[in-house]
Each structure stands twice: as structure tokens, then as C-alpha cells.
Protein chains: 2
Amino acid sequence: MQSNPSGRVRHRKRPSEADATKANGGQMLVDDQNKYKKMRIRTLSSVWMIGGFVLIIYMGHLYIWAMVVVIQFFMTKELFNLLRKVNEDRQLPGFRILNWFFFFTAMLFTYGRFLSRQLVNTVTSDKLLYRTVSGLIKYQMFICYLLYIIGFVWFILSLKKKMYKYQFGQYAWTHMILLLVFAQSSFTVANIYEGIFWFLLPASLIVINDIAAYFFGFFFGRTPLIKLSPKKTWEGFIGASVATILSAFLLANLMGRFPWLTCPRKDLSTGWLHCDPGPMFKPDYYSLPQWFPFWKDLEILPVQWHALALGLFASIIAPFGGFFASGFKRAFKFKDFGDSIPGHGGITDRMDCQMVMAVFAYIYHQSFIMQQDLSVDMILDQILRSLTYEEQHILYTQLGSVLRERLVGQP
Amino acid sequence: MQSNPSGRVRHRKRPSEADATKANGGQMLVDDQNKYKKMRIRTLSSVWMIGGFVLIIYMGHLYIWAMVVVIQFFMTKELFNLLRKVNEDRQLPGFRILNWFFFFTAMLFTYGRFLSRQLVNTVTSDKLLYRTVSGLIKYQMFICYLLYIIGFVWFILSLKKKMYKYQFGQYAWTHMILLLVFAQSSFTVANIYEGIFWFLLPASLIVINDIAAYFFGFFFGRTPLIKLSPKKTWEGFIGASVATILSAFLLANLMGRFPWLTCPRKDLSTGWLHCDPGPMFKPDYYSLPQWFPFWKDLEILPVQWHALALGLFASIIAPFGGFFASGFKRAFKFKDFGDSIPGHGGITDRMDCQMVMAVFAYIYHQSFIMQQDLSVDMILDQILRSLTYEEQHILYTQLGSVLRERLVGQP
């Protein structure tokens, strides 16, 4: 890969291979020799990535969170660099720092609240530490707002004549990136602490769908699917959908059996997990017809039916995240978001569908899985852990008066 | 005002009066005759606006909310139109509808939750309605996400070759607008229901600061303040700051005496309000020195000290909202965001500082006024929303017994 002499803006205006491919006409979509070599490189780095991923899953929640933050950092870096212009940047010293200032403010905002809530649960025994952390939670929003306002004023004071349009464009772009990256990664982290299952299954389904689409497309691909991504084919799309939905059903059964994956974690500890995983992960037994060869009855976890919904989404809707990224690359005429992963492009190129999926998984979990669990015990637990004695008494009195009022209001 | 033959894109590339003014050189900042005429028009429409505003405040929370929604709608309309290009739009039928589709999704998302919580408090007596509303709350996030995904897929399928860059630009612009408009207006509505005080005082301070800056600048303005807004002067800025901080202190004392303004409202009713306004609004008495002519002692509400912080922010930081808007107008070379208010420009031109202020007021209130109530309220809210009647009673009984046990356990 040649590097641009400026060393900053790298991925623009490179001759697009996709276009060259299309010019070949209607035969096979990529020429053969190149195709096999690329496939080997891509497969190798996929294996490495999956290996590292499994190790991190084994290490636990805190490490997965750290991985998400690292990915998030590199994605932001790739995206920040994307629309920069070297000449304009030279005239605007400190403008890059401003972007990273906003990044760290966003970091404090999204994780601060979450982190400190987990911390409260971790340190309840030490009263002084507990009070410090509670204080931080109380003012966290205000602090973040002040930091944002500092960045905002800084931006306005840094405005330079004739650069207004570029600067406002960059400001908007920074906000879009941070919104995208932080929305999805905070959802991802929330998923992890609800139980690794809710992070691992969706993420795996995207990977499976990607790989399946690649191989189905590789061996059977003839009919182009969408103009935005000329390498994608209908054969790959349909084959991958079937494979993904099937995998979702089976994987959920497998993953649903490990407490390490199904138990939620309420603090920052990293030790072993024990819990009652709840009715979602208790098998129902279905007896099979007599003539069936090996098994007499089937063990199905209720969560497997929900996994079907995740599989459906991962194979039908999540690919649109990829199309969106492709369209974006075409609009601004570059091929990849970066070059950190051999054969795959940048980290952002691998994350496009993951982002759409993580948000869906979170909202699906909140809407359809959590609702039964939000039971009396959990709320009572929360009250006793996160409120002071005085607050517990106030809550008790207030709840009492609400319940009594309602009794009076009824006929 | 001449209208563009296309009737769509109106406010671009008009010769900038501000530039013409600057070319005049270093004398008075605007030529005299024009200046007086403009001032008259501007004063007249200001008086009308303030009159209407007072009427709406008198009518109550629900009507103020409605006003916010109307303003929000027109702001969005102005901003949507701003960066459109007529030729491109003609080739993209339905692209405008997509923007409004996102607008209504954002509406459902920001207000849906808030509205339904208020509704729950309004209709608790009717069991069926209560259950319907509770159901809506549970799935509100999921429904909004589905709607967003529909818009997202719609956008990708509507991508047209050679228009990618324009379409992605518009997509980003739509998101920026909605983020800006909805973030600020949802904070505003939250302020209103915490007590009209928390909406009215900040909004008044911005208006006072604006008017004061205008008059101080008009009579004493010599020294230009910032290149972005050539009509703003240091004299106006400093005079207005003093006036605003003083007004904040005095207005808080006045407004703090009306329960209509200080009581929070927890449902959608519009009737009279009675409440204990809390310690913030109970006067402290300070005795004045003997030689002081009329008063023997001074009644000061504790909230007045907080009002000083609001006044400080309204006069020092909020104007940056205006500078930001000015810079933005200059970057894209138009004079006003619209022409709906004679002498003022568009609605957006009047709202720039209000937006910054509303967010500050909300976060300030949450951090420094609400702080003791926050966690109790949140948990109480959660109990009332997510548990059934029976579960609420069980929780109440269990919490009661835990608290009593603890009392027994203490020495």
C-alpha cells in the first residue's frame, strides 16, 4: 500500500478495484487468480481475529468491555481521518485536538454513568469511597456538559475566515461519528453486562452471516444483489440467511448452557459467576415421533425462539449497515475506511453491520426479555443497594401514599 | 422579500447586508435611517411575541408544551430547507418525505416516553387504559427503532448513482438537525413539567439579554466584539451581562412566589396547582443596616442564588449559541434562517441561544436542585411503571419489613 506524502489523508481517490471489476462485463464477478489469493489472506486474518475474540470472551466482562473501547478508539480514528484535508488542517492548529477532546467528553458521558453505577455495586462496603462515587454520579452529567460547552466555545473562537465551511463541516462530521460510535458501543457494553450471551450471540451471527455470504457468493454467486456493493450476490444473501437463522437456533442452545454467558454481572468483578439464569434458559422438552432414529425427545431453551428473531435481523436487515458503508465509500470515493486488517480493510469495514446489530440486540432484550425479569426482587435489591437509609425511608413513605391514593380513587 | 422562482430554496446567496455594513468602515456600525426603521419593526414584533408568550404561560403546562412543539416543527422546516438543492431534489422524488418520516420518528421517541408516563399518572383509575398505556411504554423504544430502521433501509434503497454525495450529505444534515432540535426541546419540556419556573426564568433571561444587548449596543456600541457577528459590540455584551444577572436575581424572587410557576406537574391535567414548593422557594430574612431608607429587612429566596448562575450563563455562554449560528450562516452564505418574524428573521434566528440555555437549565436543575430527589424519584417511577398493582403491594410490604427489621437490629 502506497502512503500519501502528507501521511494524513490516505484512503481517498485511489483507483477503485470494484469499478475495474465491473468493467469486466457479465462473467464471473472477480478474476480467478486474484480471487483465491485474496480469499487466503482474508481467511487467515479472520481465523486470527476469531481466536483472539474467543480468548477475550473467556477472560470475561471487563476485558470484553476493554476490547470494545479499543475498537471504538480505532474506528473513531479512522473516521476522523476520512474527511480531513491536509492543506486546510495546516492552517488550523489545534483543530485535531478539539476532535479528540469531544471524543473524551463523549467517553466520560457514555461510560461515566455506567461505570460509576457498577463501581457503587463493587464498593458498597467502604463508606467513604461509596460517597465519593455517588457524588461523581450526581455531577457526572453536569461535568460532561461543562466539558462540551468548553469544546463548543473553543470551536467558535477557533473559526477562521474562509475556512468556515470546512470547519462547520468537520464539526458536524465529528458529531456524527461520535454519535454513531458511542451509541453503538454503549449498547454493546450494556449487552455484555446483561450476560455475555446477549453480546456474543448477535456478534457471532453477523460474523457467520458475513462468512456464509462470502462462501455462498464465492461458489454460487451469479446474480448481483445491489449496485452499491458489486461483489454481493443474491445467492450469497439467501444462502447466508438460511445458514444464519439455523446457526442462531443452534448456537443459542449451546451458549445458553454456560452460566458464564447467561448470568448478568452487576459490578466490575471478574471472578466466576453463579446465578439462576431464569426461565429463558430452562429447557422445554418436546418428544419426537417414534420413527426418529437417534433422539427420543428434544431439549429446547425458550431463548432459542428469540434467537430466531436475532438471526432474521442479522441476515436481512444488518447487511444494510454494510450497504450504507459501501454507499458512503462510493459517495466520497475511497475504497476502505483503513488498512489495519489484511484482506478486510479498516476496522470500520468490519464493524458496519455489527453496529446495527448491537443496537437491535439491546432494544430487543430490553423489550422482550427483560420485562418478565424486572420483578419485585430485583427492584427491592436495587433499593437496598443504591439508596441511603434516609432515601429508603422516603421512598417507602412515597410509595405508601401513592398506593393509598389509588385505593381511595377507585370506586 | 423576493421569492426564488423555484419556491424551495430561498435564503441562499442573497447579498449579505452585514458585509455591506462592514465595508462602510469604522464609523457607526449601521447607517442611521435604516437603523431606526429596523428597530421599530423589530420592537413591534418583539412586543407581539412577548404578549403571546405571557398568554400561553398563563394557560399552563400543556399549552406551553404545544408551543414548544410548534416552534420545533417550524425550526425543523427552516433547517431542512436550508441546504436543499432544487435540481438534485427534482431527481429524488420522495426524498423530502423521508426527512419528515425521521422527524416523526424522533417525535415519537422523545415525547412518547414522556407523554405516556404522564398519561399513566393521569389515567391510573381506569384499569384497561392503564394497561394499554403501560404496554405502549414497554414497546415504545422497540417501535421507534423499527421505524428508524424502515427509514434507514428506505434511504439506502433510494440511493441514486451520481447523487450519493448529496444524499449522504442530506442524511447527515437531517440527523444533525433532529439531534439539535429534539435534544433541546425535550429538555425544555422536561423543564416545564419540573415547574414552569425552570422554563420561564431561563427563557426570559435570554430575551432580556438579547434586548439589553441590542439597546446597550444601539446607544453605546463602538467596539466590535467578534468578527462572526459584526453588529455585536463589547458595550452591548457587558451592559447586557450586568442587566441580565441583576434581572435574574430579581425575577427569581418575583416568579418564585407563584405556585403556578414553582409547582411541578406529574400528569397531563391543566387545572390549578397546589403544592409545597420546597425549601428553595421559602424566603430567608436578612436584616438591613439601620440607615437604609425604606426596608427594614430583605426577603431572599434561596433559589435566587441559583438564579445568579443561570444569569451568568445566559449572558456569558449562551451568546455563543448566537455566534455559532452567525458563523454557520456565513459559512453557507445566507443571511437569515427564514423570514417568518418581521425584523428578526426566521424562528431559528431567535432560538439559537434559547437552545443552549434550555439544556443548561435542565442539567443545572437535575444536578443542583433535584439532587436529593433524583434517585428516589427514578426508582419510584420504575416501580409504578414496570410492576403490576399486586407486585407494587408486595414490594411495599417487603420493603416495610426490611426497614422494620433494621430498626430492631440497631442498638
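The values are calculated or read from the model by the stated rules, or taken from the named source; none is laboratory data. Please read all numbers here as calculations on a predicted model, not as lab measurements. Cβ atoms come from the backbone with ideal geometry, glycine included; neighbour counts cover every protein chain shown. Areas reflect the complete protein model, heavy atoms only, side chains present, ligands, DNA and RNA absent. Shrake-Rupley method; radii C 1.70, N 1.55, O 1.52, S 1.80 Å.
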Handout entry: Sequence ranges A:393-403, B:223-233, ranked by mean other-Cβ count within 10 angstrom, highest first
Key = B:223-233, A:393-403
Problem - For region A:180-186, 3J(HN,Hα) per residue [Karplus equation, 6.51 cos²θ - 1.76 cosθ + 1.60, θ = phi - 60°, Hz, x = Gly/Pro] - result: 4, 5, 7, 4, 5, 6, 5
Practice task
Tell me the distances, shortest first, between B:Arg257 and the same position across the other copies, using label points 7 Å along Cα→Cβ, in nm to one decimal.
Solution key: 7.6
Exercise for the section: Calculate, for B:Arg42 and B:Phe294, the FRET efficiency according to 1/(1 + (r/R0)^6) with r their C-beta to C-beta distance and R0 30 Å; round to the nearest 0.05. Expected result: 0.25
Exercise for the section: Just add up the charged neighbours of B:Tyr285: K/R +1, D/E -1, any other residue whose Cβ is under 10 Å from the Cβ of B:Tyr285. Expected result: -2
Exercise for the section: Please report the buried accessible area for the interface of B with A, total over both chains, probe 1.4 Å, in Å² to the nearest 100. Expected result: 6900 Å²
Problem - Cα gyration tensor category, rounded, prolate or oblate, for region B:274-322 with a/c compared to 1.5 - result: oblate
Completion exercise
Residues other than A:Gly321 with Cβ under 14 Å of its Cβ, Lys/Arg counted +1 and Asp/Glu -1, net out at 0
Fill in the blank from the handout: For A:Phe249, placing the label point 7 angstrom along Cα-to-beta-carbon and taking region A:292-322, residues whose amide nitrogen sits under 15 Å are A:298-313
Exercise for the section: Enumerate the calculated ³J(HN,Hα) couplings along region B:160-166 in order (Karplus 6.51 cos²θ - 1.76 cosθ + 1.60, θ = phi - 60°), each rounded to whole Hz, writing x wherever the residue is Gly or Pro. Expected result: 10, 4, 6, 10, 3, 5, 4
Fill in the blank from the handout: Given backbone amide H placed at 1.01 Å from N, residues whose amide H is under 5 Å from that of A:Leu268, ignoring those fewer than 5 places away on the same chain, are A:Thr122
Completion exercise
Note to self, chain A gives a 222 nm [θ] from helices alone (DSSP H runs n ≥ 4, -39500 (n - 2.57) apiece, / all residues, nearest 500) of -23000 deg cm²/dmol
Exercise for the section: Please list, in chain and number order, the residues 5+ apart from A:Leu298 or on another chain whose amide H is under 5 Å from its amide H, with Hs placed from the backbone. Expected result: A:Tyr286, A:Ser287, A:Leu288
Handout entry: Mean Cα-pair separation over length for region A:197-289, i.e. relative contact order, pairs under 8 Å, 6 or more apart, %
Key = 24 percent
Handout entry: Under Karplus coefficients 6.51, -1.76 and 1.60, residue-wise ³J(HN,Hα) of region B:310-320 in Hz, glycine/proline x
Key = 4, x, 4, 5, 4, 9, 9, 9, 4, x, 5
Handout entry: Shielding score for A:353-362, defined as the mean number of other chain Cβ atoms within 10 Å
Key = 1
Practice task
Distance check, please: which entries in A:Lys85/A:Lys165; A:Lys85/A:Lys335; B:Lys35/B:Lys227; B:Lys160/B:Lys335; A:Lys162/B:Lys162 exceed 22 angstrom between their Cα atoms?
Solution key: B:Lys160/B:Lys335; A:Lys162/B:Lys162
Practice task
Using Cα pairs closer than 8 Å and at least 6 residues apart in sequence, work out the relative contact order for chain A, in percent.
Solution key: 20 percent
Exercise for the section: Please find the FRET efficiency linking B:Leu312 to A:Phe332, where r is the Cβ-Cβ separation and R0 is fixed at 35 Å, and quote it to the nearest 0.05. Expected result: 0.25
Practice task
Identify which of B:Tyr193, B:Tyr286, B:Tyr166 has the largest mean-square fluctuation in a Gaussian network model of chain B, with springs joining Cα atoms closer than 10 Å.
Solution key: B:Tyr286
Exercise for the section: Considering only protein heavy atoms, with the full assembly of protein chains and a 1.4 angstrom probe, order A:Trp198, B:Trp305, B:Trp173, B:Trp154 by accessible area, largest first. Expected result: B:Trp305, B:Trp154, B:Trp173, A:Trp198
Practice task
Estimate the FRET efficiency between A:Trp234 and B:Lys161 by the formula 1/(1 + (r/R0)^6), using the beta-carbon distance for r and 22 Å for R0, to the nearest 0.05.
Solution key: 0.65
Practice task
Could you work out how far the C-alpha centroid of region B:301-322 sits from that of region B:202-234, in angstrom?
Solution key: 16 Å
Problem - Residue-averaged beta-carbon neighbours from other chains (10 angstrom radius) around B:167-180 - result: 3
Handout entry: Rounded accessible area per residue of region B:228-377, 1.4 Å, Å²
Key = 46 Å²
Problem - Set of lysines near A:Lys138 by C-alpha distance (under 18 Å), chain-local residues within fewer than 8 positions excluded - result: A:Lys127
Completion exercise
Taking a ≥ b ≥ c as the square roots of the eigenvalues of the Cα gyration tensor, with a/c under 1.5 meaning rounded and otherwise prolate when a/b exceeds b/c and oblate if not, the protein assembly as shown is oblate
Problem - Label-point separation, A:Lys282 to A:Ile97 (7 Å along Cα→Cβ), nm - result: 6.0 nm
Handout entry: Cleavage-rule hits, trypsin sites (Lys or Arg not before Pro), region B:137-177, DSSP coil, Cβ neighbours within 10 Å at most 11
Key = B:Lys161, B:Lys162
